[in-house]
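What follows is a short report on a single structure.
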Amino acid sequence: MQFRRRHIRPTPDVESADPIGRARMQTATLPDYDEIAQALIDARAQVGAAELHGAICGFICAGGTDFEPFVIAISLEHLLDVETPEPARAHIALLYQGARTQIDDDSFGFPLLLPDSETPIVERGQGFVSGLGLGGFADERKLSSDGREVLRDIAEIARTRLAFDETEDVDEEALAELVEFARVGVLLLREDLRAGQRTASLQ
């Protein structure tokens with residue numbers, strides 16, 4: 001797969017960002033991947049940690065706000081059961097709240113929730129595309145040309161079984177570039193969709 005490098009722009013240095021924005025990022029630290037993976041097992045979920053974070057991000061970017069129908073739609077309905085352990089519910093709620101804070105932050109420090117040992121970027125792409133739809137996004141014509149291309153690339157990632165060269169160093173470089181593309185792509189789509197929401201509110 002070939003992705004257009006012009007979409008990947010330098011990320012501002014978070015340490016040089018304004019202190020208020022930096023403090024907000026520190027208070028919005030996400031639970032780690034293993035904590036969310038265990039929480040999903042405890043909640044009898046049919047979705048993985050990376051896919052869930054992708055879905056949450058897509059949902060938020062599209063302007064979604066109603067959490068209960070969202071968790072039901074992504075097979076997390078047991079999260080609403082009183083029998084589900086409180087730590088599991090708390091971790092998933094923290095993931096949702098932290099993702100919303102980080103996506104809305106202007107310091108560009110938004111991270112992807114991925115494991116250390118592997119990169120399930122395909123599952124994350126699938127979650128993001130699903131989350132956009134659950135958040136109410138339905139018309140890519142409302143995006144900028146760059147936004148449409150990024151969305152199509154993320155959708156292609158979601159449909160693709162990725163293959164990398166056998167050389168380990170090349171694999172790591174390719175994965176790192178793909179992860180950064182996905183991260184910056186979310187932020188670009190967030191800005192596009194925000195602009196569309198502002199325009200709609202003025203009409």
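The values are calculated or read from the model by the stated rules, or taken from the named source; none is laboratory data. Since the model is a prediction, treat every value here as computed from it, not as a measurement. Positions of Cβ are generated from backbone atoms using ideal geometry, with glycine treated the same way; all protein chains shown enter the neighbour counts.
Here LEU193, LEU188 are screened, and the one residue that is closer than 15 Å to LEU112 by Cα, modelled with pLDDT of 65 or more and of a type outside the set (Phe, Trp, Tyr) is LEU188. Within the stretch 79-91, the only residue that satisfies the criterion of being closer than 16 Å to GLU51 by Cβ and of a type outside the set (A, V, I, L, M) is HIS91. In the list LEU132, LEU114, LEU95, which residue meets the criterion of being at pLDDT below 90 and aliphatic (A, V, I, L, M)? After ruling out the rest, the residue left standing is LEU114. Only a single item in (1) modelled with pLDDT of 90 or more; (2) among the charged types (D, E, K, R); (3) over 16 Å from the mean Cα position of the chain (by Cα) is not met by ARG159, and it is number (1).
Assess whether PHE137 counts as being part of a loop (DSSP other than H, G, I, E, B), within 25 Å of GLU191 (Cα to Cα) and among the aromatic types (Phe, Trp, Tyr).
Working: part of a loop (DSSP other than H, G, I, E, B): yes; within 25 Å of GLU191 (Cα to Cα): yes; among the aromatic types (Phe, Trp, Tyr): yes.
Considered against the rule, which asks whether it is part of a loop (DSSP other than H, G, I, E, B), within 25 Å of GLU191 (Cα to Cα) and among the aromatic types (Phe, Trp, Tyr), PHE137 comes out as yes.
With respect to the conditions (1) surrounded by fewer than 19 Cβ atoms within 10 Å (Cβ to Cβ); (2) in a loop (DSSP other than H, G, I, E, B); (3) under 13 Å from the mean Cα position of the chain (by Cα), LEU113 falls short on a single one, namely (1).
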